[in-house]
Amino acid sequence: MEEFNLVGFALYVFASAFTPGPNNILSMSAAGRYGIARAWRVLVGVFAGFIIVMLLCALFSVALASLVPKIMPFMEWAGAAYILWLAWKTWRSSDAADGESYVDCGFWAGFVLEFVNVKIMLYGVTALTSFVMPAFDSTAAVAAFAVLLAAIGSVANWTWALFGVLFQRALRNHGRLFNAIMALLLVYCAAGILL
């Protein structure tokens with residue numbers, strides 16, 4: 001057993017949870033367009049799905065611990081490709097002022113997103129296999145960390161939602177510029193996965 005690298009774990013989790021991704025962009029878009037009063041349902045849906053996906057990542061990591069090093073490069077490439085696709089879609093999307101874009105604020109929109117969100121799957125598997133499993137051999141500890149990862153992800157989603165509300169006018173007036181910046185940040189995230 002290795003000693004738990006708390007600093008490395010915290011830096012990785014913070015960087016992964018708070019960078020742009022499907023959850024954060026959906027949270028910010030929903031809250032920016034409709035306010036927290038309507039967006040809370042999608043945020044709760046994201047959190048509920050996040051917990052389930054993180055627990056599945058924990059099960060996957062524990063069950064396939066010997067194969068993860070062989071599988072991880074493929075997952076990283078798939079994750080980076082997905083994030084680059086998301087960057088393309090973000091850059092090409094219409095700005096918030098045009099009134100044509102629609103953000104689903106329902107629970108199920110947030111919940112289902114988690115099961116196709118490669119970024120959080122990589123987030124969970126990477127955090128668990130790189131930081132948690134080398135230091136803890138208990139399945140209960142791995143599951144507890146999975147729930148912690150979901151909670152931190154939820155804090156990031158709410159932070160982005162509040163950002164969407166606070167900067168709603170700026171987002172409406174400068175949606176194209178904001179989408180371009182978000183797309184560049186997503187490209188940076190994809191590069192970070194591969195490098």
Inset, instruction - Mind telling me which of the residues I36, I71 ends up being surrounded by fewer than 19 Cβ atoms within 10 Å (Cβ to Cβ) and either under 26 Å from A183 (Cα atoms) or modelled with pLDDT of 85 or more (or both)? - result: I36
Inset, instruction - Go through (1) crowded, with 18+ Cβ neighbours inside 10 Å; (2) modelled with pLDDT of 90 or more one by one and return the number of the condition G21 breaks. - result: (2)
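Among the residues of the range 138-151, which ones are farther than 15 Å from A48 by Cβ and assigned to a helix (DSSP H, G or I)?
Going residue by residue through the range 138-151, those that are farther than 15 Å from A48 by Cβ are 138-145, 148.
Once the filter is applied, which keeps residues that are farther than 15 Å from A48 by Cβ and assigned to a helix (DSSP H, G or I), the range 138-151 yields T139, A140, A141, V142, A143, A144, F145, L148.
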Inset, instruction - Consider only pairs whose beta carbons are under 6 Å apart and that are at least six residues apart or on different chains; among these, list those whose first residue lies in the range 123-143 and is of a type outside the set (S, T, Y) and whose second residue is in a loop (DSSP other than H, G, I, E, B). - result: F131/N5; P134/E2; A135/E2; A135/F4
Inset, instruction - Report the residue count in the range 123-137 for those that are surrounded by fewer than 21 Cβ atoms within 10 Å (Cβ to Cβ), of a type in the set (A, V, I, L, M) and either at pLDDT 95 or above or part of a helix (DSSP H, G or I) (or both). - result: 0
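Just checking, how many residues over the range 152-187 are in a helix (DSSP H, G or I), within 17 Å of I25 (Cα to Cα) and modelled with pLDDT of 75 or more? Show your work before the answer.
Taking the range 152-187 and keeping what is in a helix (DSSP H, G or I), we get 152-166, 168-173, 175-187.
Still in the running and within 17 Å of I25 (Cα to Cα): 152-166, 168-172, 175-187.
If we keep only those that are modelled with pLDDT of 75 or more too, we end up with 152-166, 168-170, 176-177, 180-181, 184, 187.
The number of residues fulfilling the criteria is 24.
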Inset, instruction - Take the range 35-60 and flag every residue that is more than 17 Å from N117 (Cα to Cα) and touching a residue at least 40 places away in the same chain (Cβ under 8 Å). - result: G35, I36, R38, A39, R41
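The values are calculated or read from the model by the stated rules, or taken from the named source; none is laboratory data. Note that the structure is a prediction, hence the values are computed from the model and not measured. Ideal geometry is used to build each Cβ from the backbone, glycine not excepted, and the neighbour counts take in all protein chains shown.
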